[in-house]
């Protein structure tokens, strides 16, 4: 990334126009250096020539100065920084620089990116693989449906940065591993937004992230339906939770969470030389039934900590909720021990990450906020 003098003199032009923070982040966040994000706060966001060049005015926290940073797409279609201004006294000075000779100059230079700093090659999630017998219905809806355009566009931006370390990412995404791969893409985006650097040296665990001199490993897993081609997200209102919800949360659902977590523990990632001595997290999401993630999350702490919730009356005759040690989780003749963190080898797992938002709906909502997708499609977010 080169440095140029921000000439704030000259005639003011309208080559650069304001853009929303949401759209700027959807395009440029993934390629922003970690140190830059640690040291600055974004003040305003701009684009020119149909987003051939986008730019941000950033506040440098330590010196209380400002600078302009310009981004353009590299040969892989990823926005990366290629030029920045000198330091400026105010955000207005940065905006003025973009509207005068500095901004005009950004549109005349050919963006160059250091070859030795090129990120690993990402993937095309919607590539025609040619030899797939059956695509996942949710993938087909995402690929072809006009109402999924925002999610599709955002995933295209994100996936340009995500390398296929195990060789199956695109095929899984298009077929039976659709939900699991959406969860992994969500985790990747969340970790980058939290300003973790990615290390792609090893294929397993799924993520090796670094920040502040610390290295953490994250392995993703999901609760799946027996039918691997079923979709956890469908059109229309979500179905109701099971009629006998509380027994389901105390027994069936902990067993569903327990199976993939134990399967990941059996892989003993902590014994791998590159993992040993570093925190290992298991990241789990539930896709076992349509919209089940709306209510199934309540079962996870029961299983992880061996607790169940009871209601009682305190000395003032007020109804209160208490957590007390709970029994094992029983379904028919199958018994799963409660308290995951008390099981053998669980001491090697530093924590369990969970979110019920790692679905295509999240990409659709964030993509819409960023201005992607068909303008005739509107989203409504509400609670059930």
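The values are calculated or read from the model by the stated rules, or taken from the named source; none is laboratory data. In this text, all values refer to a predicted model and were calculated from it rather than measured experimentally. Glycine gets a Cβ as well: all are built from the backbone with ideal geometry, and neighbour counts include every protein chain shown.
Scan the stretch 320-339 and give yes if some residue there is out of contact with any helix residue (DSSP H, G or I) (no Cβ under 8 Å at 6 or more places or on another chain) and within 25 Å of residue 190 (Cα to Cα), otherwise no.
no
If residue 220 satisfies every condition in (1) within 30 Å of residue 382 (Cβ to Cβ); (2) touching a residue at least 12 places away in the same chain (Cβ under 8 Å); (3) part of a helix (DSSP H, G or I) but one, which is the exception?
With respect to (1) within 30 Å of residue 382 (Cβ to Cβ); (2) touching a residue at least 12 places away in the same chain (Cβ under 8 Å); (3) part of a helix (DSSP H, G or I), residue 220 is out only on (3).
Please specify each residue of the stretch 304-343 satisfying the condition of being loosely packed, with under 13 Cβ neighbours inside 10 Å and in contact (Cβ under 8 Å) with a residue 40 or more places away in the chain.
334
Would you confirm whether or not the stretch 245-255 contains a residue that is more than 16 Å from residue 226 (Cβ to Cβ), at pLDDT 90 or above and within 21 Å of the chain's Cα centre (by Cα)?
Looking through the stretch 245-255, none of the residues is more than 16 Å from residue 226 (Cβ to Cβ), at pLDDT 90 or above and within 21 Å of the chain's Cα centre (by Cα).
Under the condition of being part of a loop (DSSP other than H, G, I, E, B) and touching a strand residue (DSSP E or B) at 6+ places or on another chain (Cβ under 7 Å), which residue from the stretch 308-352 is nearest to residue 271 (Cα to Cα)? Even if it seems obvious, please write down each step before you answer.
To start, the set of residues in the stretch 308-352 that are part of a loop (DSSP other than H, G, I, E, B) comprises 314-318, 326-328, 332-333, 337-339, 343-345, 349-350.
Filter once more, so that each one left must be touching a strand residue (DSSP E or B) at 6+ places or on another chain (Cβ under 7 Å): 314, 326, 328, 338, 349-350.
Numbers: 314: 48, 326: 32, 328: 29, 338: 25, 349: 12, 350: 14 Å.
Applying the filter and picking the extreme gives 349.
Looking only at residues that are touching a residue at least 40 places away in the same chain (Cβ under 8 Å) and in contact with a helix residue (DSSP H, G or I) (Cβ under 9 Å, 6 or more places away or on another chain) in the stretch 44-66, which one is farthest from residue 195 (Cα to Cα)? Show your work before the answer.
Initially, the stretch 44-66 is screened for residues touching a residue at least 40 places away in the same chain (Cβ under 8 Å), giving 44, 46, 48-49, 52-53, 55, 57.
Applying the additional criterion that residues be in contact with a helix residue (DSSP H, G or I) (Cβ under 9 Å, 6 or more places away or on another chain) yields 44, 46, 48, 53, 55, 57.
Working: 44: 19, 46: 22, 48: 27, 53: 23, 55: 19, 57: 19 Å.
Going through the qualifying residues, I end up with 48.
Hey, among 41, 29, which residue is part of a helix (DSSP H, G or I), at pLDDT 95 or above and out of contact with any helix residue (DSSP H, G or I) (no Cβ under 6 Å at 6 or more places or on another chain)?
Numbers: 41 fails: part of a helix (DSSP H, G or I).
Every option except 29 fails the conditions.
Considering only residues that are under 18 Å from residue 20 (Cβ atoms) and in contact (Cβ under 8 Å) with a residue 60 or more places away in the chain, look in the stretch 67-78 and name the one that is farthest from the chain's Cα centre (by Cα). So that I can check it myself, show each step before the final result.
Pass one, the stretch 67-78, residues under 18 Å from residue 20 (Cβ atoms): 68-71.
Narrowing further to those that are in contact (Cβ under 8 Å) with a residue 60 or more places away in the chain: 68-69.
On the way: 68: 27, 69: 24 Å.
Selected residue: 68.
Keeping to the stretch 166-186, report how many residues are on the phi < 0 side of the Ramachandran plot and in a loop (DSSP other than H, G, I, E, B).
So in the stretch 166-186, the residues on the phi < 0 side of the Ramachandran plot come out as 166, 168-186.
Cutting the leftovers down to in a loop (DSSP other than H, G, I, E, B) gives us 166, 168, 175-177.
Here the count works out to 5.
From the list 84, 100, pick out the single residue that is buried (at least 16 other Cβ atoms within 10 Å of the Cβ), in contact with a strand residue (DSSP E or B) (Cβ under 6 Å, 6 or more places away or on another chain) and in contact (Cβ under 8 Å) with a residue 40 or more places away in the chain.
Numbers: 100 fails: in contact with a strand residue (DSSP E or B) (Cβ under 6 Å, 6 or more places away or on another chain).
Residue meeting the stated conditions: 84.
Which pairs have Cβ atoms under 8 Å, sit 6 or more apart or on different chains, and link a residue in the stretch 247-265 that is in contact (Cβ under 8 Å) with a residue 60 or more places away in the chain to one that is surrounded by fewer than 18 Cβ atoms within 10 Å (Cβ to Cβ) and assigned to a helix (DSSP H, G or I)?
265/346; 265/348
Within the stretch 268-297, track down each residue that is part of a loop (DSSP other than H, G, I, E, B), out of contact with any strand residue (DSSP E or B) (no Cβ under 8 Å at 6 or more places or on another chain), at negative phi and in contact (Cβ under 8 Å) with a residue 40 or more places away in the chain. Outline the logic, then answer.
Just the residues of the stretch 268-297 that are part of a loop (DSSP other than H, G, I, E, B), to begin with: 268, 272-279, 288-291, 295.
Now narrow it down to the ones that are out of contact with any strand residue (DSSP E or B) (no Cβ under 8 Å at 6 or more places or on another chain): 268, 272-273, 276-277, 289-291, 295.
Narrowing the set further to residues that are at negative phi leaves 272-273, 276, 289-290, 295.
If the condition is that a residue be part of a loop (DSSP other than H, G, I, E, B), out of contact with any strand residue (DSSP E or B) (no Cβ under 8 Å at 6 or more places or on another chain), at negative phi and in contact (Cβ under 8 Å) with a residue 40 or more places away in the chain, then 272, 289, 290, 295 are the ones that fit.
Would you be able to say whether some residue in the stretch 142-165 is in contact with a strand residue (DSSP E or B) (Cβ under 9 Å, 6 or more places away or on another chain) and not in a loop (DSSP other than H, G, I, E, B)?
yes
Looking at this structure, is residue 190 in contact with a helix residue (DSSP H, G or I) (Cβ under 6 Å, 6 or more places away or on another chain) and assigned to a helix (DSSP H, G or I)? So that I can check it myself, show each step before the final result.
Values: in contact with a helix residue (DSSP H, G or I) (Cβ under 6 Å, 6 or more places away or on another chain): no; assigned to a helix (DSSP H, G or I): yes.
No: the conditions fail for residue 190.
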